[in-house]
Amino acid sequence: MQIIIFDNAEQVAENAAQWVSELIRNKDKPVLGLATGSTPISLYKQLVNKHKNEGLSFNHVSSFNLDEYHNINADNAQSYRSFMKDHLFDHVDINQSNTYLPTCSNSQNPREQGVSYEKKIQELGGIDLQILGIGANGHIGFNEPTSSLASRTRIKTLTQQTLTDNSRLFNEGEEQPTMAMTMGIATIMDARYVLLMATGKNKAKAVNDMITGALSAMCPASALQMHENAVILLDKEAASDLADHQYYQWADQQHRKINETYGFYHNY
Ligand code: F6R
(Lines give C-alpha, C1' and ligand atoms only; values in the text may rest on other atoms or scores of the structure.)
Protein backbone atom coordinates (compact mmCIF):
# COMPACT_ATOMS: atom_id res chain seq x y z
CA MET A 1 0.00 0.00 0.00
CA GLN A 2 1.16 3.48 -0.76
CA ILE A 3 -0.07 5.74 2.04
CA ILE A 4 -0.01 9.48 1.46
CA ILE A 5 -1.01 11.88 4.21
CA PHE A 6 -2.05 15.44 3.39
CA ASP A 7 -2.72 18.42 5.62
CA ASN A 8 -6.34 18.72 4.57
CA ALA A 9 -9.20 17.25 2.54
CA GLU A 10 -8.74 19.73 -0.31
CA GLN A 11 -5.21 18.44 -0.92
CA VAL A 12 -6.52 14.85 -0.92
CA ALA A 13 -8.99 15.82 -3.66
CA GLU A 14 -6.31 17.68 -5.66
CA ASN A 15 -4.03 14.66 -5.59
CA ALA A 16 -6.84 12.28 -6.54
CA ALA A 17 -7.73 14.59 -9.46
CA GLN A 18 -4.12 14.38 -10.65
CA TRP A 19 -4.32 10.59 -10.70
CA VAL A 20 -7.53 10.65 -12.71
CA SER A 21 -6.34 13.28 -15.17
CA GLU A 22 -3.00 11.52 -15.68
CA LEU A 23 -4.90 8.35 -16.63
CA ILE A 24 -7.39 9.96 -18.95
CA ARG A 25 -4.79 12.16 -20.67
CA ASN A 26 -2.54 9.17 -21.39
CA LYS A 27 -4.81 6.25 -22.23
CA ASP A 28 -6.87 5.85 -25.41
CA LYS A 29 -9.86 4.18 -23.80
CA PRO A 30 -9.60 4.65 -20.05
CA VAL A 31 -12.05 2.93 -17.76
CA LEU A 32 -12.73 4.67 -14.48
CA GLY A 33 -14.34 3.12 -11.41
CA LEU A 34 -16.36 5.74 -9.55
CA ALA A 35 -17.72 6.18 -6.05
CA THR A 36 -20.49 8.28 -4.55
CA GLY A 37 -20.76 9.67 -1.00
CA SER A 38 -19.40 12.88 0.54
CA THR A 39 -15.71 12.15 0.15
CA PRO A 40 -15.31 12.20 -3.66
CA ILE A 41 -17.49 15.32 -4.18
CA SER A 42 -14.43 17.59 -3.98
CA LEU A 43 -12.57 15.30 -6.42
CA TYR A 44 -15.43 15.67 -8.92
CA LYS A 45 -15.33 19.47 -8.42
CA GLN A 46 -11.63 19.45 -9.27
CA LEU A 47 -12.28 17.32 -12.37
CA VAL A 48 -15.04 19.66 -13.56
CA ASN A 49 -12.61 22.59 -13.09
CA LYS A 50 -9.92 20.77 -15.04
CA HIS A 51 -12.44 20.13 -17.82
CA LYS A 52 -13.55 23.78 -17.93
CA ASN A 53 -10.18 25.46 -17.44
CA GLU A 54 -7.50 23.00 -18.54
CA GLY A 55 -9.19 21.26 -21.47
CA LEU A 56 -9.38 17.88 -19.74
CA SER A 57 -11.68 15.84 -21.97
CA PHE A 58 -13.78 12.86 -20.88
CA ASN A 59 -15.16 12.02 -24.32
CA HIS A 60 -13.14 8.79 -24.57
CA VAL A 61 -13.80 7.68 -20.96
CA SER A 62 -16.05 4.83 -19.81
CA SER A 63 -17.03 4.50 -16.19
CA PHE A 64 -18.45 1.96 -13.78
CA ASN A 65 -19.88 3.00 -10.44
CA LEU A 66 -19.32 0.88 -7.38
CA ASP A 67 -22.93 0.67 -6.36
CA GLU A 68 -26.54 1.71 -6.81
CA TYR A 69 -29.60 1.38 -4.61
CA HIS A 70 -31.91 -1.52 -5.39
CA ASN A 71 -35.07 -0.74 -7.31
CA ILE A 72 -34.53 3.00 -7.65
CA ASN A 73 -35.36 4.97 -10.80
CA ALA A 74 -32.42 6.69 -12.45
CA ASP A 75 -34.26 10.03 -12.24
CA ASN A 76 -34.96 9.69 -8.50
CA ALA A 77 -32.94 12.46 -6.79
CA GLN A 78 -31.49 9.85 -4.40
CA SER A 79 -30.21 7.50 -7.11
CA TYR A 80 -26.48 7.28 -7.57
CA ARG A 81 -27.08 8.01 -11.28
CA SER A 82 -28.52 11.40 -10.18
CA PHE A 83 -25.56 11.93 -7.84
CA MET A 84 -23.10 11.29 -10.66
CA LYS A 85 -25.00 13.58 -13.04
CA ASP A 86 -25.15 16.36 -10.46
CA HIS A 87 -21.50 16.17 -9.49
CA LEU A 88 -19.73 15.07 -12.68
CA PHE A 89 -21.49 13.67 -15.74
CA ASP A 90 -23.61 16.74 -16.57
CA HIS A 91 -20.61 19.08 -16.26
CA VAL A 92 -18.03 17.33 -18.44
CA ASP A 93 -18.05 15.97 -22.01
CA ILE A 94 -18.40 12.30 -21.03
CA ASN A 95 -20.70 10.26 -23.28
CA GLN A 96 -23.32 9.22 -20.73
CA SER A 97 -24.12 6.05 -22.64
CA ASN A 98 -20.61 4.91 -21.63
CA THR A 99 -21.34 5.37 -17.92
CA TYR A 100 -22.58 2.30 -16.07
CA LEU A 101 -24.10 1.69 -12.65
CA PRO A 102 -25.13 -1.73 -11.25
CA THR A 103 -28.87 -1.18 -11.48
CA CYS A 104 -31.53 -3.70 -10.54
CA SER A 105 -35.29 -3.14 -10.42
CA ASN A 106 -37.84 -5.35 -8.68
CA SER A 107 -38.62 -7.03 -12.00
CA GLN A 108 -34.98 -8.00 -12.57
CA ASN A 109 -33.02 -10.88 -11.12
CA PRO A 110 -30.18 -9.42 -9.00
CA ARG A 111 -27.99 -12.43 -9.74
CA GLU A 112 -28.32 -11.95 -13.48
CA GLN A 113 -27.80 -8.21 -13.16
CA GLY A 114 -24.61 -8.81 -11.18
CA VAL A 115 -23.24 -11.23 -13.75
CA SER A 116 -24.00 -8.88 -16.63
CA TYR A 117 -22.29 -5.95 -14.82
CA GLU A 118 -19.16 -8.07 -14.38
CA LYS A 119 -19.29 -9.05 -18.07
CA LYS A 120 -19.60 -5.44 -19.19
CA ILE A 121 -16.54 -4.48 -17.12
CA GLN A 122 -14.58 -7.32 -18.77
CA GLU A 123 -15.85 -6.38 -22.21
CA LEU A 124 -14.40 -2.87 -21.86
CA GLY A 125 -11.04 -4.24 -20.77
CA GLY A 126 -11.36 -3.96 -16.98
CA ILE A 127 -11.17 -0.96 -14.67
CA ASP A 128 -7.95 1.05 -14.84
CA LEU A 129 -8.41 3.19 -11.75
CA GLN A 130 -11.05 2.55 -9.09
CA ILE A 131 -11.93 5.48 -6.81
CA LEU A 132 -13.00 4.37 -3.34
CA GLY A 133 -14.22 5.90 -0.11
CA ILE A 134 -14.38 3.92 3.12
CA GLY A 135 -17.28 3.48 5.51
CA ALA A 136 -16.79 4.07 9.24
CA ASN A 137 -17.28 0.28 9.52
CA GLY A 138 -14.54 -0.45 6.98
CA HIS A 139 -16.84 -1.11 4.03
CA ILE A 140 -15.77 -0.42 0.45
CA GLY A 141 -18.57 -0.13 -2.05
CA PHE A 142 -21.46 -1.59 -0.09
CA ASN A 143 -19.40 -4.61 0.92
CA GLU A 144 -20.37 -4.55 4.54
CA PRO A 145 -18.39 -6.38 7.25
CA THR A 146 -18.54 -10.18 6.72
CA SER A 147 -18.72 -9.73 2.93
CA SER A 148 -16.74 -12.42 1.19
CA LEU A 149 -13.33 -11.22 0.13
CA ALA A 150 -14.00 -13.18 -3.10
CA SER A 151 -17.36 -11.50 -3.75
CA ARG A 152 -18.55 -10.19 -7.13
CA THR A 153 -21.29 -7.74 -8.08
CA ARG A 154 -24.44 -8.69 -6.18
CA ILE A 155 -27.22 -7.43 -3.96
CA LYS A 156 -26.43 -6.56 -0.33
CA THR A 157 -28.48 -5.53 2.66
CA LEU A 158 -27.02 -2.42 4.28
CA THR A 159 -26.05 -2.54 7.94
CA GLN A 160 -27.77 -0.39 10.53
CA GLN A 161 -24.56 1.66 10.88
CA THR A 162 -24.46 2.42 7.14
CA LEU A 163 -28.16 3.29 7.13
CA THR A 164 -27.63 5.63 10.08
CA ASP A 165 -24.47 7.17 8.55
CA ASN A 166 -26.28 7.81 5.24
CA SER A 167 -29.58 8.99 6.73
CA ARG A 168 -28.15 12.54 6.72
CA LEU A 169 -28.53 12.50 2.93
CA PHE A 170 -32.30 11.84 2.99
CA ASN A 171 -34.93 14.50 3.59
CA GLU A 172 -37.82 13.93 5.94
CA GLY A 173 -40.44 11.72 4.29
CA GLU A 174 -37.97 10.35 1.71
CA GLU A 175 -37.71 6.58 1.81
CA GLN A 176 -34.17 5.31 2.46
CA PRO A 177 -33.43 2.12 0.50
CA THR A 178 -32.09 -0.71 2.62
CA MET A 179 -30.62 -2.81 -0.19
CA ALA A 180 -28.10 -2.02 -2.90
CA MET A 181 -26.28 -3.64 -5.77
CA THR A 182 -22.54 -3.37 -5.27
CA MET A 183 -19.36 -4.46 -6.97
CA GLY A 184 -17.82 -7.23 -4.90
CA ILE A 185 -14.45 -7.12 -3.21
CA ALA A 186 -12.96 -9.33 -5.93
CA THR A 187 -14.39 -6.96 -8.56
CA ILE A 188 -12.61 -4.06 -6.86
CA MET A 189 -9.41 -6.09 -6.49
CA ASP A 190 -9.38 -6.65 -10.28
CA ALA A 191 -8.91 -2.92 -10.95
CA ARG A 192 -5.37 -2.13 -12.09
CA TYR A 193 -5.08 0.67 -9.52
CA VAL A 194 -7.27 1.55 -6.58
CA LEU A 195 -7.29 5.02 -5.08
CA LEU A 196 -8.96 5.18 -1.69
CA MET A 197 -9.74 8.62 -0.28
CA ALA A 198 -10.52 9.09 3.41
CA THR A 199 -10.97 12.35 5.27
CA GLY A 200 -12.12 13.31 8.74
CA LYS A 201 -11.74 11.95 12.24
CA ASN A 202 -14.75 9.60 11.92
CA LYS A 203 -12.73 7.51 9.43
CA ALA A 204 -9.59 7.21 11.60
CA LYS A 205 -10.45 3.82 13.12
CA ALA A 206 -11.54 2.23 9.83
CA VAL A 207 -8.37 3.56 8.16
CA ASN A 208 -6.18 2.12 10.89
CA ASP A 209 -7.98 -1.26 10.69
CA MET A 210 -7.60 -1.29 6.90
CA ILE A 211 -3.87 -0.57 6.97
CA THR A 212 -2.60 -2.21 10.14
CA GLY A 213 -5.35 -4.66 11.08
CA ALA A 214 -5.67 -8.30 10.14
CA LEU A 215 -6.85 -9.17 6.65
CA SER A 216 -10.44 -9.87 7.54
CA ALA A 217 -13.95 -9.88 6.15
CA MET A 218 -14.83 -7.86 9.27
CA CYS A 219 -12.94 -4.94 7.70
CA PRO A 220 -13.60 -5.36 3.96
CA ALA A 221 -11.13 -2.55 3.09
CA SER A 222 -8.32 -4.66 4.59
CA ALA A 223 -8.51 -6.73 1.38
CA LEU A 224 -6.59 -3.87 -0.23
CA GLN A 225 -3.50 -5.08 1.67
CA MET A 226 -3.44 -7.76 -1.06
CA HIS A 227 -3.70 -5.29 -3.95
CA GLU A 228 -0.52 -4.66 -5.90
CA ASN A 229 -1.37 -1.01 -6.63
CA ALA A 230 -3.42 0.39 -3.75
CA VAL A 231 -2.93 4.09 -3.06
CA ILE A 232 -4.46 5.49 0.12
CA LEU A 233 -4.94 9.26 0.26
CA LEU A 234 -5.64 10.57 3.75
CA ASP A 235 -6.00 13.88 5.48
CA LYS A 236 -4.35 14.26 8.90
CA GLU A 237 -7.56 13.51 10.78
CA ALA A 238 -8.25 10.27 8.93
CA ALA A 239 -4.61 9.27 9.54
CA SER A 240 -4.69 10.18 13.22
CA ASP A 241 -4.97 6.61 14.59
CA LEU A 242 -1.97 5.37 12.58
CA ALA A 243 0.97 4.77 14.89
CA ASP A 244 3.48 5.00 12.03
CA HIS A 245 2.19 8.33 10.80
CA GLN A 246 5.71 9.82 10.52
CA TYR A 247 7.10 6.85 8.63
CA TYR A 248 4.40 7.14 5.94
CA GLN A 249 5.15 10.84 5.47
CA TRP A 250 8.88 10.21 5.25
CA ALA A 251 8.40 7.30 2.82
CA ASP A 252 6.22 9.53 0.64
CA GLN A 253 8.99 12.18 0.49
CA GLN A 254 11.49 9.50 -0.50
CA HIS A 255 9.16 8.20 -3.23
CA ARG A 256 8.64 11.68 -4.60
CA LYS A 257 12.42 11.91 -5.06
CA ILE A 258 12.46 8.58 -6.89
CA ASN A 259 9.62 9.77 -9.10
CA GLU A 260 11.42 13.05 -9.85
CA THR A 261 14.47 11.06 -10.96
CA TYR A 262 12.82 8.26 -12.88
CA GLY A 263 9.34 9.64 -13.63
CA PHE A 264 6.01 8.13 -12.63
CA TYR A 265 5.30 4.68 -13.91
CA HIS A 266 1.70 3.61 -13.92
CA ASN A 267 1.06 0.37 -15.70
CA TYR A 268 -2.55 0.90 -16.77
C1 F6R B 1 -20.06 4.99 -2.33
C2 F6R B 1 -19.63 3.83 -1.57
C3 F6R B 1 -19.32 3.85 -0.12
C4 F6R B 1 -18.72 5.17 0.37
C5 F6R B 1 -18.49 5.12 1.87
C6 F6R B 1 -17.97 6.44 2.39
O7 F6R B 1 -20.30 4.67 -3.70
O8 F6R B 1 -19.56 2.80 -2.16
O9 F6R B 1 -18.47 2.79 0.19
O10 F6R B 1 -17.50 5.39 -0.29
O11 F6R B 1 -19.68 4.82 2.52
O12 F6R B 1 -18.96 7.43 2.23
P13 F6R B 1 -18.67 8.95 2.55
O14 F6R B 1 -17.70 9.43 1.53
O15 F6R B 1 -20.02 9.62 2.38
O16 F6R B 1 -18.16 9.02 3.92
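A few notes on this one:
- Annotation: residue 251 fulfils all but one of (1) of a type outside the set (Phe, Trp, Tyr); (2) part of a helix (DSSP H, G or I); (3) open to solvent by 20 Å² or more (accessible area, probe 1.4 Å); (4) over 22 Å from residue 35 (Cα atoms); the unmet one is (3).
- Condition met for residue 215 (more than 18 Å from residue 131 (Cβ to Cβ), open to solvent by 80 Å² or more (accessible area, probe 1.4 Å) and not small (Gly, Ala, Ser)): yes
- Test: residue in segment 256-263 that is within 24 Å of residue 33 (Cβ to Cβ) and in contact with a His (Cβ under 8 Å, 6 or more places away or on another chain): no
- The lone exception for residue 85 - which of (1) in contact (Cβ under 8 Å) with a residue 12 or more places away in the chain; (2) of a type outside the set (A, V, I, L, M, F, W, C); (3) over 17 Å from residue 181 (Cα atoms) it fails: (1)
- Search result, residues across segment 94-109 that are surrounded by fewer than 12 Cβ atoms within 10 Å (Cβ to Cβ) and part of a loop (DSSP other than H, G, I, E, B): 105, 106, 107, 109
- Qualifying positions in segment 18-44 - more than 15 Å from the chain's Cα centre (by Cα) and not in a helix (DSSP H, G or I): 27, 28, 29, 30
- Subset of segment 218-234 [surrounded by 18 or more Cβ atoms within 10 Å (Cβ to Cβ) and farther than 16 Å from residue 131 by Cα]: 219
- Residue match in segment 5-17 (condition: part of a strand (DSSP E or B), over 23 Å from residue 57 (Cα atoms) and in contact with a strand residue (DSSP E or B) (Cβ under 9 Å, 6 or more places away or on another chain)): yes
- Against the criterion of being away from the ligand (no atom under 16 Å from the Cβ), open to solvent by 20 Å² or more (accessible area, probe 1.4 Å), out of contact with any helix residue (DSSP H, G or I) (no Cβ under 9 Å at 6 or more places or on another chain) and free of Cβ contacts under 8 Å to residues at least 40 places away in the same chain, residue 57 does not qualify.
The values are calculated or read from the model by the stated rules, or taken from the named source; none is laboratory data. What you see is a predicted model; the values in this text were computed from it and never measured. As a convention, Cβ positions derive from the backbone with ideal geometry for all residues, glycine included, and neighbour counts pool all protein chains shown. In case anyone asks, the SASA skips ligands and DNA or RNA and just uses the protein heavy atoms, side chains included. Shrake-Rupley method; radii C 1.70, N 1.55, O 1.52, S 1.80 Å.
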